[in-house]
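J.: Sending over a structure as structure tokens; questions will come in a sec.
The values are calculated or read from the model by the stated rules, or taken from the named source; none is laboratory data. Quick caveat, the model's predicted, so the values are computed rather than measured. Positions of Cβ are backbone-derived with ideal geometry, glycine not excepted, and every protein chain shown enters the neighbour counts.
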Amino acid sequence: MSTTGSGLAQPLGRPTPGRAAAHVGLFLLGGVVALAGTLVQGAWFPGGLLLALAGAAGLFLAGAYALGGRAGAVAPVAGWIVTVVLLTTSRPEGDFLFGAGAGSYAFLLGGMAVAVICATLGPGRRSPARGA
């Protein structure tokens with residue numbers, strides 16, 4: 001009987017300060033990409049919409065590959081979603097960044113779909129090599 005289990009059964013350790021800083025940086029970068037995508041998709045429809053979604057997909061996948069796991073994709077996705085949700089609310093003065101139109105809904109739903117796809121296709125957590 002083997003004493004080592006799968007990588008999923010191992011207890012999680014504290015992330016290194018560099019890894020934690022990378023996650024925070026990716027979270028903030030996800031917010032910046034969401035803000036830029038919001039402005040671009042509204043200004044240059046439909047090309048801006050495709051550009052905004054491609055930029056988000058690039059960031060999500062780059063985060064996953066840079067950190068070597070799906071958590072690298074989840075950090076910018078979380079920043080993107082928080083920023084987009086905050087930008088959808090209207091202010092008492094009536095100002096808003098998202099108009100009620102097909103492009104805005106395509107950006108919201110397309111961004112969420114891209115986030116799920118990138119988090120799924122990104123590299124999974126590497127398990128330790130098994131001894132033969």
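J.: Can you say whether Y105 is aromatic (F, W, Y), surrounded by fewer than 16 Cβ atoms within 10 Å (Cβ to Cβ) and under 30 Å from L12 (Cα atoms), as far as the supplied structure shows?
T.: It is false that Y105 is aromatic (F, W, Y), surrounded by fewer than 16 Cβ atoms within 10 Å (Cβ to Cβ) and under 30 Å from L12 (Cα atoms).
J.: Within the stretch 64-80, count every residue that is assigned to a helix (DSSP H, G or I), surrounded by fewer than 21 Cβ atoms within 10 Å (Cβ to Cβ) and modelled with pLDDT under 90.
T.: Of the residues in that region, 4 qualify.
J.: Let me ask another. Can you report the number of residues in the stretch 23-39 which are crowded, with 19+ Cβ neighbours inside 10 Å and closer than 17 Å to G110 by Cβ?
T.: Within the stretch 23-39, residues that are crowded, with 19+ Cβ neighbours inside 10 Å and closer than 17 Å to G110 by Cβ number 5.
J.: Here is a further query. Restricting to the stretch 14-40, what's the tally of residues that are in a helix (DSSP H, G or I), over 23 Å from G55 (Cβ atoms) and either among the small types (G, A, S) or free of Cβ contacts under 8 Å to residues at least 24 places away in the same chain (or both)?
T.: Here the count works out to 3.
J.: Output yes when any residue across the stretch 54-63 is assigned to a helix (DSSP H, G or I) and either touching a His at 6+ places or on another chain (Cβ under 6 Å) or basic (K, R) (or both), and no when none is.
T.: Taking every residue of the stretch 54-63 in turn, none turns out to be assigned to a helix (DSSP H, G or I) and either touching a His at 6+ places or on another chain (Cβ under 6 Å) or basic (K, R) (or both).
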